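The values are calculated or read from the model by the stated rules, or taken from the named source; none is laboratory data. Quick caveat: nothing in here was measured; it's all calculated off a predicted structure. In this analysis, Cβ positions are derived from the backbone assuming ideal geometry, glycine residues included, and neighbour counts consider all displayed protein chains. In case anyone asks, the SASA skips ligands and DNA or RNA and just uses the protein heavy atoms, side chains included. Shrake-Rupley method; radii C 1.70, N 1.55, O 1.52, S 1.80 Å.
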Amino acid sequence: MPDASLLNAIRSIVGDKGMLTDPGDTAPYSEDWRRLYHGRTAAVIRPGSTEELAAVVKLCAETGTPVVPQGGNTSMVGGAVPAEDGSELILSTARLNRIRDLDTADMTLTIEAGVTLKAAQMAAAEAGCLLPLSISSEGTAQIGGVLAVNAGGNNTVRYGNARDLVLGLEVVLPDGTTWNGLRRLRKDNTGYCLRQLFVGAEGTLGIITAAVLKLAPQPQEVAVALCGVPSVQAALALFTRFQAHDAASISAFELMSGQGMSFVLRHIPGAVLPLESAAPFYVLVELATPRPEAGLRAMLETILETALGDDTILDAAIAESDAQRAAIWKLREEHSEAQKREGASVKNDVSVPVSKVPAFIEKATAACEKLLPGVRVVPFGHMGDGNIHFNLEQPEGSDAAWFLAQDHAIMDAVNEVVREFDGSFSAEHGVGKLKPYMMPDWRGGAELALMQRIKAAIDPRGIMNPGKVLP
Ligand code: 2HG
Ligand code: ZN
């Protein structure tokens with residue numbers, strides 16, 4: 001348990017404004033967004049610089065005090081919550097929030113871990129560039145956490161995951177040493193690629209304090225449409241059609257279900273379906289190009305007209321303004337919030353090969369309905385990259401605690417189908433505290449053993465985000 005002398009020593013490093021100890025102040029940091037985990041901590045430490053953060057970690061290393069790195073605390077898998085026994089300190093990166101450099105010739109952005117993804121996107125846009133990473137929680141999620149979990153999101157189909165955007169990193173290691181790997185080179189073949197070790201490690205190997213990210217040219221033309229489709233198979237056929245026309249212009253291809261959309265329309269103020277009638281499934285397609293006058297809008301219309309003609313889609317609305325574009329995106333991005341307001345849910349952030357998405361959804365739906373009659377299946381997500389949020393909402397009128405107690409049975413049933421299609425049990429949310437028990441089954445043998453050896457080598461005392469990722 002962190003004692004008073006350690007807390008005083010930390011206070012002398014970060015000052016009063018860098019430390020919260022009142023239980024009322026630390027409570028919001030100690031529980032996750034989904035309110036699945038309720039931890040406790042003696043202090044939330046908010047260093048104002050990498051040097052301060054490193055000095056705090058050094059003290060923690062010397063005293064064997066475990067730390068939980070935390071950014072915007074938007075994890076869906078409890079990745080940033082402390083243990084219930086109060087033994088762990090929370091190390092928040094929120095005050096490391098400077099943009100250190102933006103270079104339009106190198107097309108790089110060098111930023112500190114506490115900058116929100118939204119602020120980073122805006123900084124890029126002001127310079128006429130695009131930071132091509134977009135996730136529903138981008139207003140709150142911070143770059144450090146986004147990289148620590150290797151977030152994916154809406155634009156993976158075009159630009160890859162967070163991992164693909166990282167050129168360099170600055171990391172405070174578990175012994176308090178700072179590794180400055182903030183290089184901005186496009187080619188750098190010098191041994192093991194250490195930065196990729198920390199991306200996706202979910203804070204179990206060290207704390208990312210700054211990063212160099214790749215920028216892309218800002219789109220000059222963007223076209224967005226919402227389509228009602230009769231089935232997931234039809235959504236896949238539509239995707240294939242866009243790919244055949246101009247794969248490089250697809251910047252998002254998102255799937256929603258009639259069930260999920262009904263929750264959004266019920267719970268999210270201002271949400272309106274811009275189609276004549278409800279559909280079994282929906283697709284949000286976004287095309288974008290940095291080339292001016294590329295004729296994207298015309299291409300979108302042509303493809304959708306053909307698709308209407310042969311019943312691949314039932315209906316479509318093309319956004320005519322920025323406001324309409326935002327309104328269509330809102331229908332997709334508010335899915336998590338709407339599901340939360342509807343009641344208790346069990347989430348399965350899974351991926352399968354894109355071609356298998358329809359069969360996966362069909363089989364997983366049947367498996368869940370058999371396991372729990374009345375359960376409401378809410379599949380949605382990033383169809384263009386094969387990442388489906390195969391979420392389940394509690395049966396209407398059922399008890400939330402009873403439903404949540406079945407989470408392992410539900411996740412196991414879904415994962416069985418995921419395995420059949422050679423997918424992954426965690427596509428973009430990470431492993432966190434929720435899924436380490438799945439690791440031996442999915443990543444057992446040489447793979448898990450290697451991960452455990454890496455963990456032991458870099459964090460021999462096991463003080464970095466204990467209980468996360470590894471079983
Ligand atoms: C999204 O795509 C997020 O909106 C959250 O990854 C998904 O709530 C979820 O399961
Ligand atoms: Zn997602």
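Values computed for the structure shown
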quantity: Selection within segment 315-336 - assigned to a helix (DSSP H, G or I) and away from ligand 1 (no atom under 12 Å from the Cβ); calculated: 322, 323, 324, 325, 326, 327, 328
quantity: Subset of segment 171-186 [assigned to a loop (DSSP other than H, G, I, E, B) and open to solvent by 80 Å² or more (accessible area, probe 1.4 Å)]; calculated: 175, 183, 184, 185, 186
quantity: Test: residue in segment 142-164 that is open to solvent by 10 Å² or more (accessible area, probe 1.4 Å), in contact with a helix residue (DSSP H, G or I) (Cβ under 7 Å, 6 or more places away or on another chain) and more than 20 Å from residue 120 (Cα to Cα); calculated: yes
quantity: Exclusive hit being of a type in the set (Lys, Arg), more than 24 Å from residue 198 (Cβ to Cβ) and open to solvent by 10 Å² or more (accessible area, probe 1.4 Å), set 443, 376; calculated: 376
quantity: Segment 199-222: number of residues that are farther than 30 Å from residue 301 by Cβ, in contact with a strand residue (DSSP E or B) (Cβ under 6 Å, 6 or more places away or on another chain) and among the acidic types (Asp, Glu); calculated: 0
quantity: Strands (runs of 3 or more DSSP E) fully within segment 1-109 counting 3 or more residues that are charged (D, E, K, R); calculated: 99-103
quantity: Among residues of segment 134-156, those that are under 24 Å from residue 250 (Cα atoms), more than 12 Å from ligand 2 (Cβ to nearest atom) and over 11 Å from the mean Cα position of the chain (by Cα), counted; calculated: 1
quantity: Failed item, numbered, when residue 196 is tested on (1) in contact with a strand residue (DSSP E or B) (Cβ under 8 Å, 6 or more places away or on another chain); (2) within 22 Å of residue 162 (Cα to Cα); (3) touching a residue at least 40 places away in the same chain (Cβ under 8 Å); calculated: (3)
quantity: Test: residue in segment 429-438 that is open to solvent by 20 Å² or more (accessible area, probe 1.4 Å), more than 16 Å from ligand 2 (Cβ to nearest atom), part of a loop (DSSP other than H, G, I, E, B) and touching a residue at least 40 places away in the same chain (Cβ under 8 Å); calculated: yes
quantity: Members of segment 134-152 that are assigned to a loop (DSSP other than H, G, I, E, B) and in contact with a Leu (Cβ under 6 Å, 6 or more places away or on another chain); calculated: 138, 141
quantity: Selection status of residue 304, farther than 30 Å from residue 438 by Cα and either assigned to a helix (DSSP H, G or I) or in contact with a Phe, Trp or Tyr (Cβ under 7 Å, 6 or more places away or on another chain) (or both); calculated: yes
quantity: Filtered residues of segment 223-273 (kept if open to solvent by less than 60 Å² (accessible area, probe 1.4 Å), in contact with a strand residue (DSSP E or B) (Cβ under 9 Å, 6 or more places away or on another chain) and either free of Cβ contacts under 8 Å to residues at least 60 places away in the same chain or part of a loop (DSSP other than H, G, I, E, B) (or both)); calculated: 230, 231, 246, 249, 258, 273
